[in-house]
Amino acid sequence: MVSPRLSRIPRMPSALDRVRIGLLLLGVIFVLTGALPADEAAASIARVAPLLLFLGSVIVLAELAMRARVFDVIATRIAIIGGGNYPALFLLCVGFASVTTVFLNLDTTAVLLTPVFLALAPRAKIAALPLAMTTIWLANTASLLLPVSNLTNLLAADRVALDAEDFAARMWAPQLAAILVTTAALWAFYWRRGARGADRYLPPSPVRLEQPRERGLCAVAAGACVLFVGAVIFLHEGISLAAAGAALIVVAAFAVLDRQALRLSLIPWRLLILVAGLFLVIPTLSRHGLAEVMTALIGTSDDVGGAVRAALTGAGLSNVINNLPAYAAGEAVVPPANGDQLLALLIGTNVGAVVTPWASLATLLCLESCRANGLVVPLRRFVRTGLVLAVLALAASVAALLITG
């Protein structure tokens, strides 16, 4: 049985869809009225264009990999390997969600891994909330290591001129700290015996791909994902082209073996127009007063105090509005030479965006998937436990950044 998932394009745009479209239209109006000069608008869009190619490609790759049941096979195998033992399953799920976020982008974890875990829950008689919170939290806190892990990372790596290898060398310690703190928080709040409500779970039956066509699609999709991961590790540039190439391999396989799966709704238009709109609106607001406010909050010092201020501002603003505009607004006022301060801002907007449901797009997508699968995430518990995680993970990861720097 293929795991249920959300439809990419509903019949009527949701309120959030209207906000995204309105944001893009507002950006266009700013350009047409001269509030944002045309040359600045062109430079902003030129900067974000490779990122849009990467995002579109990696989401298509992951979506088709899910259609080919790659994630189903892996998640089920993890539950089988756990053998009914909750601590073992917990560590395996944390590892799977972390690896997916690091190498295939946090939106892959949010959009695809969440419904796979939720579909696994009733089959193995596993409590659904611990599985959901694992993907919600790790989609955010495990997104520090590589430029491809998060859109904000791609922006930061470009700003401080770090390729994938150098970025990972700078961020491995903050990433390790964030994952360790998240793991401890997940166990304490959601996975321990008193929170999950059971001693053992029932290992599910393996996923069986009966038809040669199914086995072929699964093998090609898994191979394309491995190739993309290899490109992330070994290519210093052209990650967007690597993602596009991997996606094309899987698209070609589906064109031969399952053409009905190929549809325009595979393209994540919501995410693309949101990013394009933000990169027109935020520069405009920065020209008209936002930059002064952000400078007052973040400062311009690259010392410990400047890094802490940047991290706290990024985390706080992310939970008020959203982490993508929070990062974009903060980046605009951090001097290009202040590498530690910019990376601390990045940590704040990635790791700290776990308190409110709207703090990150990944969290919104995870929660939408939970609602579609009939799981209610208690809001007060979500905010309370997320605040504890944000404080502890932010302190640990910023400290790791400064110590290893």
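Readers should treat all values here as calculations from the given coordinates under stated rules, not as data from a laboratory. Since the model is a prediction, treat every value here as computed from it, not as a measurement. Cβ placement follows ideal geometry from the backbone for every residue including glycine, while neighbour counts extend to all protein chains displayed.
Observations on the model:
- To the nearest ten degrees, helix 239-257 and the longest principal axis of the Cα atoms of the chain are 30 degrees apart.
- Count Lys and Arg as plus one, Asp and Glu as minus one, and take only other residues whose Cβ is under 14 Å from that of Ile126; the net charge is then +4.
- Positive-end ranking of Val207, Ala310, Val275 along the dipole of the range 163-322, with charges on Cβ about the Cα centre, is headed by Val207.
- Backbone HN-Hα couplings from phi across the range 286-292 [Karplus 6.51/-1.76/1.60, Hz, Gly and Pro as x]: 5, 6, 10, x, 5, 4, 5
- Three-way shape call for the range 119-267 based on the alpha-carbon gyration tensor, with the a/c threshold at 1.5: oblate
- Positive-end extreme of charge dipole, the range 38-404 - chosen from Ala221, Val73, Ala253 (charges on Cβ): Val73
- Assigned charges on the beta-carbon of Lys, Arg, Asp, Glu; the chain dipole about Cα centre (debye): 1800 debye
- 3J(HN,Hα) couplings calculated from phi for the range 327-337 with the Karplus curve 6.51 cos²θ - 1.76 cosθ + 1.60 (θ = phi - 60°) are, in sequence order, 5, 4, 5, x, 4, 5, 10, 7, x, x, 7 Hz; Gly and Pro show x.
- Note that the range 26-33 has calculated 3J(HN,Hα) couplings of 4, x, 5, 4, 4, 5, 5, 8 Hz, one per residue in order, obtained from phi through the Karplus relation 6.51 cos²θ - 1.76 cosθ + 1.60 (θ = phi - 60°); glycine and proline are x.
- Size descriptor for the range 38-404, Kirkwood hydrodynamic radius: 20.8 Å (Cα pairs only, one decimal).
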